[in-house]
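First the structure, which I've put down as structure tokens, then a few questions once you've had a look.
Read the figures in this text as sums done on the coordinates, not as results from a lab. Just so you know, these numbers come straight off a predicted model, no measurement behind them. Note that we place each Cβ from the backbone using ideal geometry, even for glycine, and neighbour counts take in every protein chain shown.
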Amino acid sequence: MDIRESITITPMTEEDVPAVHALESLCFTSPWDITAYYRELENPSAVYRVALYGERLLGFGGMWAVDGEAHIVTLAVQPEFRRSGVGGKLLTVLLDEAHRLDVHSVTLEVRVGNVAARALYTSFGFTPLATRRNYYPDNGEDALVMGLLLG
Ligand SMILES: CC(C)(COP(=O)(O)OP(=O)(O)OC[C@H]1O[C@@H](n2cnc3c(N)ncnc32)[C@H](O)[C@@H]1OP(=O)(O)O)[C@@H](O)C(=O)NCCC(=O)NCCS
């Protein structure tokens, strides 16, 4: 079964926040406080989408879009559902929304050692722009800044 045909991608709501925060805490070493996600719901520049399979949260992604520029803030998929196209579908929806908002360039930061995320972004046309040395406080890992120009 292709899970992509069975998931729905919808705007994040208050009801999604606890599951989003739980997945964030599972995936990232320095997760945001849950209150940050509730605040993002009030942020007019923030675009958050969740991937749902029935009522189960399989993934989520977030972006800030201001004055023609967007930044992918976060993207995560449940470990057991990775490599099934969920992350790609979320990214597609975020980039579609960026188009709709007349965004011309999209940036993001990714750990240099995050092979999966770098491969995903590269497959969408993102290219390396810069390296931020010792960017991540937990292990001093460098961040790769990647960018995509939208036509
Ligand atoms: C990065 C992440 C969101 C990708 O989600 P996903 O649902 O597994 O991605 P997809 O299945 O849509 O993959 C799309 C493409 O990305 C690339 N890709 C994804 N995971 C990969 C991996 N582990 N190794 C190599 N390429 C990979 C492939 O090109 C893949 O296409 P293919 O499966 O047809 O070869 C997921 O691995 C994740 O949640 N990681 C932990 C959180 C994280 O690091 N987020 C990014 C922060 S910048």
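Pop out the ³J(HN,Hα) list for segment 18-26 in order, Karplus 6.51 cos²θ - 1.76 cosθ + 1.60 with θ = phi - 60°, rounded to Hz; leave Gly and Pro as x.
Residue by residue, segment 18-26 yields x, 6, 4, 5, 5, 5, 4, 5, 6 Hz.
Using every pair of alpha-carbon atoms in segment 49-151, split the distances into 5 Å bins beginning at 0 and state the percent of pairs per bin, rounded to integers.
Each 5 Å bin holds this share of Cα pairs: 2, 13, 22, 23, 19, 14, 6, 1, 0.
In whole angstrom, and with the biggest value first, how far do the Cα coordinates of segment 28-87 range along each principal axis?
35, 25, 25
Diagonalise the Cα gyration tensor of segment 1-118 and give the resulting equivalent ellipsoid semi-axes, square root of 5 times each eigenvalue, largest first, whole Å. Walk me through the numbers before you get to the answer.
Numbers: eigenvalues 81, 56, 49 Å².
Equivalent-ellipsoid dimensions as semi-axes: 20, 17, 16 Å.
P(r) of segment 78-130 in 5 Å steps, Cα pairs, percent per bin?
4, 17, 27, 25, 18, 8, 2
Sum up the charges of everything whose Cβ sits under 10 Å from the Cβ of Ala65, counting Lys and Arg as +1 and Asp and Glu as -1, but leave Ala65 out.
Local net charge: -3.
What is the sum of charges around Val106, taking Lys and Arg as +1, Asp and Glu as -1, for the other residues whose C-beta is under 11 Å from the C-beta of Val106?
-2
For Cα pairs less than 8 Å apart in space and 6+ apart in sequence, what is the mean separation divided by the residue count of segment 6-108, i.e. the relative contact order in percent?
The normalised contact order for segment 6-108 reaches 25 percent.
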